[in-house]
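Report on the following structure.
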């Protein structure tokens, strides 16, 4: 994932002389961390079919075009250049501990889920404090397979997952929908569970439970505003809530339990909510960039 703040993103892009953005905004930021919008010596070209995104781009030039046609033209125009190597992307591989932590970290929980991931699964992601952990374990390799919110606002993920699952049912695609929703985020649109149950959707809610709004605690650390009230959420019973709305509810707190619950949910006719106890982890909202 690219950093989500002005200064860190610019630092991450150092060493590149041309940045091309295809079908996305330039850029979508979350916390405000000041800095240059682009590194020295870099130019930016945005290719989009959205006039609003083109007009809103804060730096660079924008080309209104179909992305496929533009990319085909770019390939023909790019000469073979061997005068210097391109910057090497840095990939940090995170190893799983042995024995596993108790409770599991979010990374360990997502690693267990990824072992059973169906090739055609569609993911809706609204577990804000664990985005990086999930994407490391569940890389998106097919189009129309990943949906997430466009800002930091919570409450979109659950109803979006219901809508996507309903579309799969009506189209007869048979594709399962996996919704990752934090235990706090789930409360914003918890009634979505009822809609999923009433429509008997092929929908699996994965709920990492850490009894807190971790993303807001991380934001408070960034803004140096400690002791923000009402960010702890003790006593939420996600399994009981799921059952109350008509879904299958399962608690899975070990690697084996997660795999068993996920395998059963993939075979179920209706929606399943899998609540996974995960460790408390507060990490930098914007990791430092060297």
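The values are calculated or read from the model by the stated rules, or taken from the named source; none is laboratory data. These figures come from a predicted structure and were not determined experimentally. Virtual Cβ from ideal backbone geometry, glycine too; neighbours counted across all protein chains shown.
I'd like to check something: does region 199-213 contain any residue that is in contact (Cβ under 8 Å) with a residue 12 or more places away in the chain, more than 16 Å from residue 131 (Cβ to Cβ), out of contact with any helix residue (DSSP H, G or I) (no Cβ under 7 Å at 6 or more places or on another chain) and crowded, with 22+ Cβ neighbours inside 10 Å?
The answer is yes; a qualifying residue exists.
Criterion first (touching a helix residue (DSSP H, G or I) at 6+ places or on another chain (Cβ under 9 Å), farther than 24 Å from residue 138 by Cα, surrounded by fewer than 21 Cβ atoms within 10 Å (Cβ to Cβ) and touching a residue at least 40 places away in the same chain (Cβ under 8 Å)) does residue 236 satisfy it?
Yes: the conditions hold for residue 236.
Looking at region 1-17, which of the residues that are more than 17 Å from residue 40 (Cα to Cα) and surrounded by fewer than 17 Cβ atoms within 10 Å (Cβ to Cβ) is nearest to the chain's Cα centre (by Cα)?
It comes out as 1.
Taking residue 158, is it in a helix (DSSP H, G or I), in contact with a strand residue (DSSP E or B) (Cβ under 6 Å, 6 or more places away or on another chain) and touching a residue at least 40 places away in the same chain (Cβ under 8 Å)?
In short, yes.
Take region 51-72 and flag every residue that is more than 22 Å from residue 13 (Cβ to Cβ) and surrounded by 13 or more Cβ atoms within 10 Å (Cβ to Cβ).
Result: 64, 65.
If you go through region 181-205 one residue at a time, how many are within 16 Å of residue 246 (Cα to Cα) and outside any helix (DSSP H, G or I)?
Total meeting the criteria: 9.
Looking at region 252-277, which of its residues are modelled with pLDDT of 95 or more and part of a loop (DSSP other than H, G, I, E, B)?
252, 253, 254, 268, 270, 271
Only one of (1) under 28 Å from residue 216 (Cβ atoms); (2) over 23 Å from the mean Cα position of the chain (by Cα); (3) in the same structural domain as residue 197 (by TED's automatic domain parsing) is not met by residue 242, so which one is it?
(2)
Of all residues in region 219-251, which are within 18 Å of residue 181 (Cβ to Cβ) and in a helix (DSSP H, G or I)?
238, 239, 240, 241, 242, 243, 244, listed by residue number.
Scan (1) at pLDDT 90 or above; (2) surrounded by 20 or more Cβ atoms within 10 Å (Cβ to Cβ) for the single condition residue 144 breaks and write down its number.
(2)
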